[in-house]
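Visitor: Quick one: this structure, given as structure tokens, is what I'll be asking you about.
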Amino acid sequence: MRHRPPSAGLALALFAAVTATLAGAPATAAPVAAAPALAAAAPDISVTNVQAHLTQLSSIATSNGGTRRAGSAGYTASVSYVKSKLQAAGYTVTEQTCTNCTYPASNLIAEWPQGPADQVIMFGAHLDSVAAGPGINDNGSGSATLLENALVLASQNPTMTKRVRFAWWNGEEQGLQGSKFYVNSLSATQKGYIKAYYNFDMVASPNGGYFINKVTSATAAPLKAYWDSFGLQPEENTEGAGRSDDYSFANAGIPTSGYAAGASYTKTSAQASKWGGTAGAAYDSCYHKSCDTTANINATILNRAADGVAYTIWQLAVGGGTGGCTAEQLIGNSSFESGTTPWTATSGVITNSTGQAARTGSYKAWLDGYGTSHTDTLSQSVTLPAGCASYTLSFWLHIDTAETTTTTAYDKLTVQVGSTTLATYSNLNKATGYTQRTFNLASYAGQTVTLKWTGVEDTALQTSFVIDDVTLQVA
Ligand code: DTR
Ligand code: ZN
Ligand code: ZN
């Protein structure tokens with residue numbers, strides 16, 4: 001049992017009346033990143049498989065007059081190819097005829113029938129080419145990237161936290177017609193279900209670069225994080241802005257992003273330095289031409305685009321690999337009522353002393369309160385499971401002090417997760433009763449960390465930091 005100066009309780013009584021009307025200063029709480037829960041590792045998408053789809057789209061064009069233009073036989077055959085693969089994989093596949101398209105034909109929509117139907121992450125690519133050519137980079141590349149991702153998602157069949165919907169559009173080359181038709185066909189409620197739309201148009205330009213639509217947006221974050229992990233320094237897709245199907249969704253207020261490798265614009269020398277390729281030449285010199293064949297593909301960019309799509313799907317829509325999150329409270333002996341285990345604390349901190357009231361029961365953790373130079377600590381190690389949607393640390397804190405200053409933090413309480421400081425409180429945060437303090441620990445999903453409270457008092461005038469009912473709830 002530690003010695004606590006009897007003056008501490010008396011000081012509280014004496015100063016309570018004096019300090020009651022002084023507003024406590026706000027605590028300085030470090031911002032806690034609202035990172036998504038750590039997802040199971042995303043699969044590596046085989047670029048060979050993606051290229052095999054391109055080869056199929058190429059032969060479809062070859063047998064149909066060298067084009068897959070909207071409404072042409074080459075387009076219809078492209079829809080059949082993608083559709084049959086998706087149906088075999090277990091997708092719910094819908095053909096929607098774009099009746100007001102210049103060349104009426106199907107949009108192909110494929111939904112993976114798992115995860116909440118009212119929280120949809122959507123991925124789309126236009127499946128039509130221009131009349132002049134087979135459209136293997138524009139946009140067999142985006143179409144094949146999404147097809148292979150859809151097939152891998154189905155074969156892995158992971159636990160889904162969101163619903164994933166893929167789309168292959170008709171009539172993009174006539175002015176985003178198919179995607180516009182689809183968006184217009186949705187009710188306000190259905191639009192509201194779509195939390196993000198990701199577009200893939202020309203993701204394998206032979207002299208391409210690494211472009212992302214709305215690159216600094218929250219929606220772009222997983223696409224960007226994946227390319228950033230290779231040091232690729234992606235840039236804004238200014239060339240393609242408003243020129244592909246994401247525009248139809250953005251116009252409906254749906255957050256959008258996407259990858260692109262560039263079209264007819266010229267690669268700068270700065271871009272050639274960081275990405276390789278030829279400065280002063282177009283990203284795709286076969287853009288909208290008959291030479292947009294399987295020879296017009298940059299397999300490195302295609303591979304990184306396909307893998308970035310998988311990364312994004314897994315980040316946003318796939319739960320932890322352990323079959324999903326079990327809701328639970330992770331702190332042992334939350335209210336300090338059953339001894340000290342599993343807490344580590346300075347002797348005497350966990351106490352039923354009547355000098356400070358517990359919030360519940362009779363025990364609490366009472367750090368400091370000596371009015372002399374003193375440090376008390378309280379800690380517990382905890383393992384946060386991966387794959388949960390929320391990780392909420394909460395504790396109740398009462399601060400009373402004999403300090404009378406309204407400007408100087410003499411005595412301090414620091415709250416840490418590992419070596420990261422979550423928040424700092426001081427004598428300036430004094431208040432009658434307990435205040436609940438809540439933090440998002442999602443960025444520690446899948447990790448074992450030590451939660452630690454450290455109270456440091458200076459030489460004079462006590463401050464008591466009293467903690468009770470600590471919980472870390474995951475769900
Ligand atoms: N809608 C595209 C237009 C486009 C032009 N430049 C870019 C750059 C990146 C992506 C798309 C585009 C097309 O299909 O032609
Ligand atoms: Zn085009
Ligand atoms: Zn295109």
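The values are calculated or read from the model by the stated rules, or taken from the named source; none is laboratory data. What you are looking at is a predicted structure, and each value in this text was computed from that prediction instead of being measured. All Cβ positions, even for glycine, are placed from backbone atoms using ideal geometry, and neighbour counts span all protein chains on display. Note: areas computed on protein heavy atoms with side chains; ligands, DNA, RNA excluded. Shrake-Rupley method; radii C 1.70, N 1.55, O 1.52, S 1.80 Å.
Visitor: Within the stretch 99-139, count every residue that is part of a loop (DSSP other than H, G, I, E, B) and away from ligand 3 (no atom under 11 Å from the Cβ).
Guide: Result for the stretch 99-139: 19.
Visitor: A follow-up question, please. If you take just the helices (runs of 4 or more DSSP H) that sit entirely in the stretch 176-266, which of them hold at least 1 residues that are of a type in the set (Asp, Glu), open to solvent by 20 Å² or more (accessible area, probe 1.4 Å) and closer than 17 Å to residue 311 by Cβ? So that I can check it myself, show each step before the final result.
Guide: Details: elements: 177-185, 188-193, 221-228, 246-250.
In the stretch 176-266, 221-228 are the helices (runs of 4 or more DSSP H) which contain 1 or more residues that are of a type in the set (Asp, Glu), open to solvent by 20 Å² or more (accessible area, probe 1.4 Å) and closer than 17 Å to residue 311 by Cβ.
Visitor: In the stretch 76-92, which residue that is open to solvent by 30 Å² or more (accessible area, probe 1.4 Å) and not in a helix (DSSP H, G or I) is nearest to residue 131 (Cα to Cα)?
Guide: The extreme case among them is 92.
Visitor: Scan the stretch 37-88 for residues that are over 30 Å from residue 441 (Cα atoms), under 27 Å from the mean Cα position of the chain (by Cα) and of a type outside the set (S, T, N, Q) and report the count.
Guide: Qualifying residue count, the stretch 37-88: 4.
Visitor: May I ask you to verify whether residue 206 is in contact (Cβ under 8 Å) with a residue 40 or more places away in the chain and either within 16 Å of ligand 2 (Cβ to nearest atom) or on the phi > 0 side of the Ramachandran plot (or both)? Steps first, answer last, please.
Guide: Numbers: in contact (Cβ under 8 Å) with a residue 40 or more places away in the chain: yes; either within 16 Å of ligand 2 (Cβ to nearest atom) or on the phi > 0 side of the Ramachandran plot (or both): yes.
Yes: the conditions hold for residue 206.
Visitor: Among what's in the stretch 354-375 and is of a type in the set (D, E, K, R) and over 14 Å from residue 411 (Cα atoms), pick the residue that is least open to solvent (accessible area, probe 1.4 Å).
Guide: Here is the first cut: in the stretch 354-375, the ones of a type in the set (D, E, K, R) are 359, 364, 368.
The next check asks that each one be over 14 Å from residue 411 (Cα atoms); those that pass are 359, 364.
Numbers: 359: 97, 364: 2 Å².
Among those residues, the one meeting the criterion is 364.
Visitor: Here's another thing I want to ask about it. Mind counting the residues in the stretch 93-151 that are under 18 Å from residue 198 (Cα atoms) and within 16 Å of ligand 2 (Cβ to nearest atom)?
Guide: Summing the residues that are under 18 Å from residue 198 (Cα atoms) and within 16 Å of ligand 2 (Cβ to nearest atom) in the stretch 93-151 gives 14.
Visitor: Exactly one of (1) in contact with a helix residue (DSSP H, G or I) (Cβ under 6 Å, 6 or more places away or on another chain); (2) more than 16 Å from ligand 1 (Cβ to nearest atom) is unmet by residue 179. Its number?
Guide: (2)
Visitor: Still on this structure, please answer the following. For the structure I just gave you, tell me whether residue 334 is surrounded by fewer than 16 Cβ atoms within 10 Å (Cβ to Cβ), in a loop (DSSP other than H, G, I, E, B) and in contact (Cβ under 8 Å) with a residue 12 or more places away in the chain.
Guide: Values: surrounded by fewer than 16 Cβ atoms within 10 Å (Cβ to Cβ): no; in a loop (DSSP other than H, G, I, E, B): yes; in contact (Cβ under 8 Å) with a residue 12 or more places away in the chain: yes.
No.
Visitor: List pairs: first residue in the stretch 166-183 and in contact (Cβ under 8 Å) with a residue 40 or more places away in the chain and within 14 Å of ligand 2 (Cβ to nearest atom), second residue open to solvent by 40 Å² or more (accessible area, probe 1.4 Å) and not in a helix (DSSP H, G or I) anywhere in the structure, Cβ distance under 6 angstrom, at least six positions apart or on different chains.
Guide: Within 6 Å, the pairs are 174/102.
Visitor: Hey, another quick one. Please go through (1) more than 12 Å from ligand 1 (Cβ to nearest atom); (2) in a helix (DSSP H, G or I) for residue 142 and return the number of the only condition it doesn't satisfy.
Guide: Single failed check for residue 142: (1).
Visitor: Which of (1) within 15 Å of residue 120 (Cα to Cα); (2) in contact with a helix residue (DSSP H, G or I) (Cβ under 7 Å, 6 or more places away or on another chain); (3) of a type in the set (A, V, I, L, M); (4) open to solvent by 10 Å² or more (accessible area, probe 1.4 Å) is the odd one out, the single condition residue 152 does not satisfy?
Guide: (1)
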